[in-house]
Every structure is written in C-alpha cells, then in structure tokens.
Amino acid sequence: MKKYLAFFRLRSAMGLQYRAAALAGIATQFAWGFIEIMAMHVFYTENTDTFPMDFPATTSYIWLQQAFLVLFSTWMMENEIFDSIVNGNIIYELCRPVNIYNMWFSRSIADRLSRAVLRCFPILIISLFLPLPYGLSAPAGLQYFLLFLITLALGLAVTVSFCMLVYVLTFFTISPQGLRILFTSSVEFFAGAIIPLPFFPENIQKIMELLPFASMQNVALRIYSGSMDNTQIQKAVILQLAWLVIITLTGKILCYFAEKKITIQGG
C-alpha cells in the first residue's frame, strides 16, 4: 500500500504545478457554464412546467459539472500510459515490483484530484455569490451534502475504473485511438455531460440510469441539485457500488491476461 500512496503523492505534486493550465481551464469553464445557463434560460422562459428540474436546480447542476469537470471527463486520460503501451516502454513498468493496475489507478486518481483542487474552488465560490437563479444554490440539507460527497467519491472511482478498462484494452489493439473515440463519446452522452439525464424521455432515462455511465457524475450532481428522492438515491448508490466492483474486477482480470500474453518487440 505504501508504494501506491507514494505514486499518489508524486502524481498529486506534479498535477498541482500546472497553475497556468488551471487558470485557463477556470476561464473556459466559466465561459462554458454561462453559455449553457443562458441557453437553458431561453427554454425555461417559454414553459417552466414542462421541465423535470426547476431552473435553480439546473444551474446548480451546470456549475457543479464545470467545477468538477476534470474528475469525470473520460477524455482526460493519460497519454503517457497509452504511449508506453504502444511504443513498448511498458516493459519498464512491468519490471517494477508493483501491480500495474493498482499503480495506474492511484496515479489517475491523484492526477484528477490535484487538477480538481486547482480549478473547483474558484468556480464554486464565485457561482455561490451569483444572484439566484443563475448561481449555485445551497444543498437541501446536511444529509444531502454528505451524500453528495460520498457519491462524488464513488463517481470518481467508477470513472477511473472505466478509464483503466480502456488502458487495459489497449494491450489488445494496434492503436488506442478507436477505443478512446468510442468510449469517450459514449460517456459524454450517457453520463449526462451534454444533457442531464432527467431531460430524456422517461423510458430512455430508465435504461440510461442502469448503465455504468450514469454512475459517474450524474448521481452526485443530481443529489446536490435536489432532483432525486430517497428511493432513487438508494438505487443509484447501489448501482454505483455494483458497477465499481464489476468494472474494477473486469479490468484486473483483463490486465492479468494482458501481462501474461504481452510481447515486446525490439532489441
């Protein structure tokens, strides 16, 4: 465990160094958040009653999505890992007395958390002081805020486990580009990153909520914004735990077989 914590600390320290990139990201996310909110406001002014979430809940969802973008964006995978698999430098990783899956997992968690720390607080603080209904609303209560934090951590774990699955599948392909395009585009749509899941037709929404993508950002953001009742929250948390176990075990099993079958060419 100590060696994986060491990888976690090293990656966290590295991620905290990119302050200029964080500032650029904050500016971009503020601009994108305002664009989304203004676009939503146009639709809400026509007929508020037709929407499954009220406007303050929707704006809270958008601001939280922008604040924690780096935690749940599957397109922010590490090129360094893909390159090491493709060019054969993975052999140096395999020579280390560590479990490569656990090492990559700890690195990925640290990388996302360190970037989120630099970006999330300015967005959260400023959005809290914006006038309602355009700003971030307070959670419904302490219970919901604690559930938000728990499901946020579970959502991050599911996201990283899913990215780990993409890394491992790269062992079985010539190029990772096809996998990355397929999986990242699927996640963006089905996780509620483009449109919150409650806005989909009810029959489609029920199916989408059972998929692993809904266990990423969707649960935490909807709990905070108050668009889930207690029954829905219990079901969502169970699904988060189930998908975390399933995806992690699948990734570990595939990684085991990949390490046994891997062939490094060159001299």
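The values are calculated or read from the model by the stated rules, or taken from the named source; none is laboratory data. All of these numbers come straight from a predicted model, not from anything done at the bench. Methodologically, a virtual Cβ is constructed for each residue, glycine included, from the backbone with ideal geometry; neighbour enumeration extends over all protein chains shown. Quick note on the areas: whole protein, heavy atoms, side chains included, nothing else; ligands and nucleic acids left out. Shrake-Rupley method; radii C 1.70, N 1.55, O 1.52, S 1.80 Å.
Observations
- Hey, residue 14 at pLDDT below 75 and touching a Ser or Thr at 6+ places or on another chain (Cβ under 9 Å) or not: yes
- Long-range neighbours under 8 Å by Cβ, at least six apart or interchain, first residue within 13 Å of residue 66 (Cα to Cα) within the range 16-35, second of a type in the set (Gly, Ala, Ser): 29/67; 33/127
- Residues of the range 17-37 satisfying the condition of being under 30 Å from residue 107 (Cβ atoms), open to solvent by 70 Å² or more (accessible area, probe 1.4 Å) and at pLDDT 85 or above: 28, 32
- Residues located in the range 44-72, provided they are in a loop (DSSP other than H, G, I, E, B), over 25 Å from residue 113 (Cβ atoms) and open to solvent by 10 Å² or more (accessible area, probe 1.4 Å): 47, 51, 52, 54
- Annotation note: Cβ proximity below 6 Å between a residue of the range 184-211 that is modelled with pLDDT under 90 and a residue that is loosely packed, with under 13 Cβ neighbours inside 10 Å (sequence gap 6+ or interchain) occurs for 188/194.
- Restricting attention to the range 216-241 and to residues that are more than 17 Å from the chain's Cα centre (by Cα) and of a type in the set (A, V, I, L, M, F, W, C), the residue that is farthest from residue 99 (Cα to Cα) turns out to be 228.
- Taken over the range 148-184, residues that are of a type outside the set (A, V, I, L, M, F, W, C) and either under 26 Å from residue 221 (Cβ atoms) or touching a strand residue (DSSP E or B) at 6+ places or on another chain (Cβ under 6 Å) (or both) amount to 7.
- Only one of the numbered conditions (1) in a loop (DSSP other than H, G, I, E, B); (2) hydroxyl-bearing (Ser, Thr, Tyr); (3) under 19 Å from the mean Cα position of the chain (by Cα) is violated by residue 248, and that is (1).
- When we screen 165, 156 for residues that are in contact with a Gly (Cβ under 7 Å, 6 or more places away or on another chain) and at pLDDT 90 or above, the only hit is 165.
- Odd one out for residue 40 among (1) assigned to a helix (DSSP H, G or I); (2) buried (at least 18 other Cβ atoms within 10 Å of the Cβ); (3) touching a residue at least 60 places away in the same chain (Cβ under 8 Å); (4) over 19 Å from the mean Cα position of the chain (by Cα): (3)
- Segments classed as helices (runs of 4 or more DSSP H), wholly inside the range 114-212, with at least 3 members that are farther than 27 Å from residue 231 by Cα and open to solvent by 80 Å² or more (accessible area, probe 1.4 Å): 177-190
- Across the range 213-241, the number of residues qualifying as at pLDDT 90 or above and open to solvent by 40 Å² or more (accessible area, probe 1.4 Å) comes to 6.
- When residues of the range 79-99 are limited to those that are in contact (Cβ under 8 Å) with a residue 24 or more places away in the chain and within 13 Å of residue 262 (Cα to Cα), the one most open to solvent (accessible area, probe 1.4 Å): 86
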